[in-house]
Amino acid sequence: MKYEMICSGFGGQGALTVGKFLALAGMNEGKHVSWLPSYGPEMRGGTANVSTVISDRPVASPLVTTPDILVALNQPSLDKFGPDVREGGLIIANSDLCPGGFEREGVDIVFLPMNTIAKECGSIKVTNMVSIGALLSRSDVVKIESVKNALQELLAEKKPALLEANFKAIDEGLARGKA
Amino acid sequence: MKVLMKGNEAVAEAAIRAGCRHYFAYPITPQSELIEYMAKMMPKVGGTFVQAESEIAAINMVYGAAGCGKRAMTSSSSPGISLKQEGISYCSGAELPCVVVNVQRGGPGLGDIQPAQGDYFQATKGGGHGDYRIIVLAPASVQEFADMAAQAFDLADKYRNPVMILSDGMLGQMMEPVEFAEPATEDDLERLDKQHWDWCMHPNQDEPNHHHHEINSLEIDPVVLEQHVIALGKKFDRMEAAEKSWEEYNLAPDNEILCVAFGTASRIVKSAIDDLKEEGVNIGLIRPINVWPYPSEAIAAALTDKTKLVYTFELSLGQMVEDVRLAVNGKAPVEFYGKVGGIVFTPEEVKDKLKLALKV
């Protein structure tokens, strides 16, 4: 099985981190992974995005052009990559920053007010984690425990206070994504 | 244990583990994570890190450290590598082992900061002046990028010549799982040092004539220089005979098309080959791992009477394709497809080109 994903948002929203934690989780599950960010001037204030591939086989091209899954944390990301999502694919979008919405047949689209949910969980910084929860409510690309373990490893020492908010955000995304 | 790391950081960590204790560079995108990592880690292992005033200064600091028999490295991206060419020529002339990493970006000139392979000519045909050759390793994954650090130092020591790792912005910026070799021990470092004591500048007063060692690339007497260059030439011949390396992917006697691609481009081509395989079309790939010396014989050997076309894919206007043509030597038509300016072709584009060629 191979999953190709694009995670995209404004610089600072944590879209690249979504891809990173999915890749980390995949790697710890023994899968082949790659994480290829957009880099350069567009990251300042513009749209930052990352191609992530998680596969049972070695990853050939790390460049994702027709994603199975799109995480769009803002409207420009949704407009830019939404049309490229593979038929039968999945789109997770942040409705707080996607006022224009998005219509497309043949894909599963989940809109969640991620900024609002993140604030309820304790910090706007965990907006991206809401999207991971929502993603994993609709797809088994990686196990939720693998993501949480990766988070635990990274944050337990550095920012233990933020760890709880992150877990809460994932759980909330998971619950609301299912609904 | 595997860790998820950017290519730029992985090659830096691997170089330190391979015994590199002297690193000099000047920052440039998309290579800067490498220098950043070295700045952070070198002091922790008792090494030397200098952010030089320029790329030219950095390569000449490498010249100095290598002349003392130490494992020294510098890195940059395309425009900065151009600046280092004089120093690389000097290192080769003075027979100094060192490692240069190029994380290529779009050119010519300042170009842009996206991945490209337009430095192939510069890397493989002698970017500096004079009769010299350097071994050029071209990774296609973060793991390979990291593994090539130790390999490059070993080759540099073996031949007393600079070795280049020719990477690109995609491999530098991308994160993939990577597993590192055990770090060099104090004993290893001492052994690495001592292998050069018969020629290098070093503080061992017991070694006979130690102060008579001379590190120089200037030889004003043409009769003497002639012999020096002839000897270098013989060394380059030995390198060419012993250091070819390539990967064969999906090669089969019934391949109608043989693809040739290296580095990042080869990853994209592999995706296209995998897709076409699912559609029942078999296409083979030869990926040169070392781009100098070039695996010409491997390409020639992969040609069969079924081969209708040899298709070369590069992120340039077509540079390696000249070596492919030399290897194929008229036995099959050679086609080229490339993207420039930091644009990377997609697997779909490559697939379309291959289908068009096969008329399927």
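Pairing residues of region B:343-360 that are within 14 Å of another protein chain (Cβ to nearest Cβ) with residues that are in a loop (DSSP other than H, G, I, E, B) and polar (S, T, N, Q), at Cβ distances under 8 Å and at least 6 apart in sequence or on separate chains, gives B:ILE343/B:GLN114; B:VAL344/B:GLN114; B:THR346/A:SER61; B:THR346/A:THR65; B:PRO347/A:SER61; B:PRO347/A:THR65; B:GLU348/A:THR65; B:GLU348/A:THR66. Scanning region B:310-360 for residues that are of a type in the set (D, E, K, R) and not in a strand (DSSP E or B) turns up B:GLU322, B:ASP323, B:ARG325, B:LYS331, B:LYS339, B:GLU348, B:GLU349, B:LYS351, B:ASP352, B:LYS353, B:LYS355, B:LYS359. Taking the conditions (1) in a strand (DSSP E or B); (2) within 14 Å of chain B (Cβ to nearest Cβ) in turn, A:ILE92 satisfies each one other than (2).
Quick check: anything in region B:194-213 among the charged types (D, E, K, R) and within 22 Å of B:ALA15 (Cα to Cα)? Lay out the reasoning, then the answer.
Residues of region B:194-213 that are among the charged types (D, E, K, R), as a first pass: B:194, B:198, B:206-207.
Still in the list and also within 22 Å of B:ALA15 (Cα to Cα): B:194.
The answer is yes, given that some residue of region B:194-213 is among the charged types (D, E, K, R) and within 22 Å of B:ALA15 (Cα to Cα).
Which residues, counting only those in region A:145-161, are crowded, with 18+ Cβ neighbours inside 10 Å and in contact (Cβ under 8 Å) with a residue 24 or more places away in the chain? Talk me through it step by step, then tell me what you get.
Of all residues in region A:145-161, those crowded, with 18+ Cβ neighbours inside 10 Å come to A:146-148, A:150-151.
Scanning region A:145-161 gives A:SER146, A:VAL147, A:ALA150, A:LEU151.
Filtered by the rule that a residue be within 14 Å of chain A (Cβ to nearest Cβ) and of a type in the set (Asp, Glu), region B:158-185 gives B:ASP168, B:GLU176, B:GLU179.
Please determine whether any residue of region B:100-113 is out of contact with any helix residue (DSSP H, G or I) (no Cβ under 7 Å at 6 or more places or on another chain), assigned to a helix (DSSP H, G or I) and in contact (Cβ under 8 Å) with a residue 12 or more places away in the chain. Checked region B:100-113: no residue is out of contact with any helix residue (DSSP H, G or I) (no Cβ under 7 Å at 6 or more places or on another chain), assigned to a helix (DSSP H, G or I) and in contact (Cβ under 8 Å) with a residue 12 or more places away in the chain.
Scan region B:31-38 and give yes if some residue there is in contact (Cβ under 8 Å) with a residue 60 or more places away in the chain, polar (S, T, N, Q) and not in a helix (DSSP H, G or I), otherwise no. Lay out the reasoning, then the answer.
In the first step, residues of region B:31-38 are kept if they are in contact (Cβ under 8 Å) with a residue 60 or more places away in the chain; the result is B:31, B:33-34.
From what's left, polar (S, T, N, Q): B:31.
From the residues that got through so far, the ones that are not in a helix (DSSP H, G or I) too are B:31.
Within region B:31-38 (the criterion being in contact (Cβ under 8 Å) with a residue 60 or more places away in the chain, polar (S, T, N, Q) and not in a helix (DSSP H, G or I)), the answer is yes, since at least one residue qualifies.
For region A:1-35, the set of residues classified as more than 11 Å from chain B (Cβ to nearest Cβ), surrounded by 20 or more Cβ atoms within 10 Å (Cβ to Cβ) and in contact with a Gly (Cβ under 9 Å, 6 or more places away or on another chain) consists of A:TYR3, A:MET5, A:ILE6, A:CYS7, A:ALA15, A:VAL18, listed by residue number. Identify all residues within region B:1-23 that are out of contact with any Phe, Trp or Tyr (no Cβ under 8 Å at 6 or more places or on another chain) and farther than 30 Å from A:PHE21 by Cβ; write none if there are none. Passing the criteria: B:ARG21, B:HIS22. Beta carbons closer than 7 Å, at least 6 apart along the sequence or on distinct chains, pair a first residue in region B:271-299 that is away from every other protein chain (no Cβ under 12 Å) with a second that is surrounded by fewer than 19 Cβ atoms within 10 Å (Cβ to Cβ) and of a type in the set (Val, Ile, Thr) for B:VAL281/B:VAL360.
Could you go through region B:145-157 and let me know if any residue there is closer than 30 Å to B:ALA261 by Cα and within 14 Å of chain A (Cβ to nearest Cβ). Write out each step before concluding.
Filtering region B:145-157 down to residues closer than 30 Å to B:ALA261 by Cα leaves B:145-157.
With the extra rule that they be within 14 Å of chain A (Cβ to nearest Cβ), the set shrinks to B:145.
Checking region B:145-157: at least one residue is closer than 30 Å to B:ALA261 by Cα and within 14 Å of chain A (Cβ to nearest Cβ).
Assess whether A:ILE132 counts as being more than 21 Å from A:ALA23 (Cα to Cα) and in a helix (DSSP H, G or I). Spell out the reasoning first.
Details: more than 21 Å from A:ALA23 (Cα to Cα): no; in a helix (DSSP H, G or I): yes.
No; evaluated as a whole, the condition is false for this residue.
The residue pairs whose first member lies in region B:226-237 and is outside the structural domain of B:LEU155 (by TED's automatic domain parsing), whose second member is of a type in the set (Gly, Ala, Ser) and surrounded by fewer than 12 Cβ atoms within 10 Å (Cβ to Cβ), and whose beta carbons are closer than 9 Å, counting only pairs six or more residues apart or on different chains, do not exist in this structure.
State all residues of region B:91-136 that are surrounded by fewer than 24 Cβ atoms within 10 Å (Cβ to Cβ) and over 17 Å from B:SER77 (Cβ atoms); if no residue qualifies, say none. Hits for region B:91-136 are B:GLY93, B:ALA94, B:GLU95, B:LYS125, B:GLY126, B:GLY128, B:HIS129, B:GLY130, B:ASP131, B:TYR132, B:ARG133. With respect to the conditions (1) more than 14 Å from every other protein chain (Cβ to nearest Cβ); (2) at positive phi, B:ASP188 falls short on a single one, namely (2).
Mind checking which residues of region B:156-193 are in a helix (DSSP H, G or I) and closer than 14 Å to B:CYS20 by Cβ? Spell out how you get there, then give the answer.
In the first step, residues of region B:156-193 are kept if they are in a helix (DSSP H, G or I); the result is B:156-159, B:169-173, B:186-193.
Correct list: B:ALA156, B:ASP157, B:ASP188, B:LEU189, B:LEU192, B:ASP193.
What tally of residues in region B:175-199 results from selecting those that are under 11 Å from B:ARG71 (Cβ atoms) and not aliphatic (A, V, I, L, M)?
To start, the set of residues in region B:175-199 that are under 11 Å from B:ARG71 (Cβ atoms) comprises B:184, B:188-189, B:192-193, B:195-196.
Next, only the ones that are not aliphatic (A, V, I, L, M) stay: B:188, B:193, B:195-196.
Total meeting the criteria: 4.
When restricted to residues that are farther than 23 Å from B:PRO79 by Cα, crowded, with 20+ Cβ neighbours inside 10 Å and of a type in the set (Gly, Ala, Ser), region B:296-331 contains 2.
Sort out which residues of region A:37-88 are part of a loop (DSSP other than H, G, I, E, B), of a type in the set (Val, Ile, Thr) and within 14 Å of another protein chain (Cβ to nearest Cβ), and write them in order of number.
First, pick out the residues of region A:37-88 that are part of a loop (DSSP other than H, G, I, E, B): A:38-40, A:44-46, A:56-68, A:73-74, A:85-88.
Narrowing further to those that are of a type in the set (Val, Ile, Thr): A:59, A:64-66, A:85.
Matches in region A:37-88: A:VAL59, A:VAL64, A:THR65, A:THR66.
The values are calculated or read from the model by the stated rules, or taken from the named source; none is laboratory data. Keep in mind that what you see is a predicted model, and the values were worked out from it rather than measured. Reconstructed Cβ throughout: ideal geometry from the backbone, glycine too, with neighbour counts over all protein chains shown.
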